[in-house]
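All of the numbers you see were taken from the coordinates with simple rules; none came from a lab. Note that this is a predicted model, so its numbers are computed, not measured. Note: ideal-geometry Cβ built from the backbone for every residue, glycine included; neighbour counts use all protein chains shown.
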Amino acid sequence: MAGEPHVGRRKRRAAEREEPRLDQPRSLQRPLGLRGRVDAETFGQISEDIARFFGTARYLFIQSVFVVIWILLNILVWTREIHWDPYPFILLNLAFSTQAAYAAPLILLAQNRQADRDKVQIEQDRQREELSAATTEYLVREVASLRLAVGEVATRDFVRSELQALLKELEEPRMPASGPRGGDSPQP
């Protein structure tokens, strides 16, 4: 009884890792392909590399040289013994058609992957812009509140003018005050 939960955990772990289980018969369906699975990321990266190569001047130059050599070997008189593709060059046309049939889906796959990356980049840019706008609004509110607070606080000019007014009051000769406490009235 104590060993059963341990066996259950083992089965769950095997199912999580998608490993073949020994306590169940094999599936009658075989996985497609030689290895069974194709890593989509690796395949996508390879297709992008191929599409990127198809768009280079180096590829165009290599393909042009290949076509010129193909045509020359099939039309020159001194190579009559090795003509494998005479004038209408049907085999060359077939090779180009096959190449185009493989190139087009690879290029489309690369474009789709780039479009997906662009969508993610646009979403990240939108989030950054929202954060920037929120930060700017916050800073504007803070500057406005500081301006209001500074309006209530004594500024340097205000303090200077008040101190100058006090200094003038202290420097003025004091006028004698009239009344019982005045300096000219006699004391009894």
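Before moving on, here are some points about what is shown:
- Potential extension, ASP49-PHE66 segment - 0.36 nm per residue separation minus Cα distance: 4.0 nm
- The phi-based Karplus calculation (6.51 cos²θ - 1.76 cosθ + 1.60; θ = phi - 60°) puts the 3J(HN,Hα) values of region 92-109 at 5, 4, 5, 4, 5, 5, 5, 4, 5, 5, 8, 5, 4, x, 5, 5, 5, 4 Hz, whole numbers, x for Gly and Pro.
- Using the Cβ-Cβ distance between ALA101 and THR135 with R0 set to 45 Å, the FRET efficiency from 1/(1 + (r/R0)^6) comes to roughly 0.30.
- What the phi angles of region 123-136 give under the Karplus curve with 6.51, -1.76 and 1.60, with θ = phi - 60°, is a coupling list of 5, 5, 4, 4, 5, 5, 5, 4, 5, 5, 5, 5, 5, 5 Hz, glycine and proline written as x.
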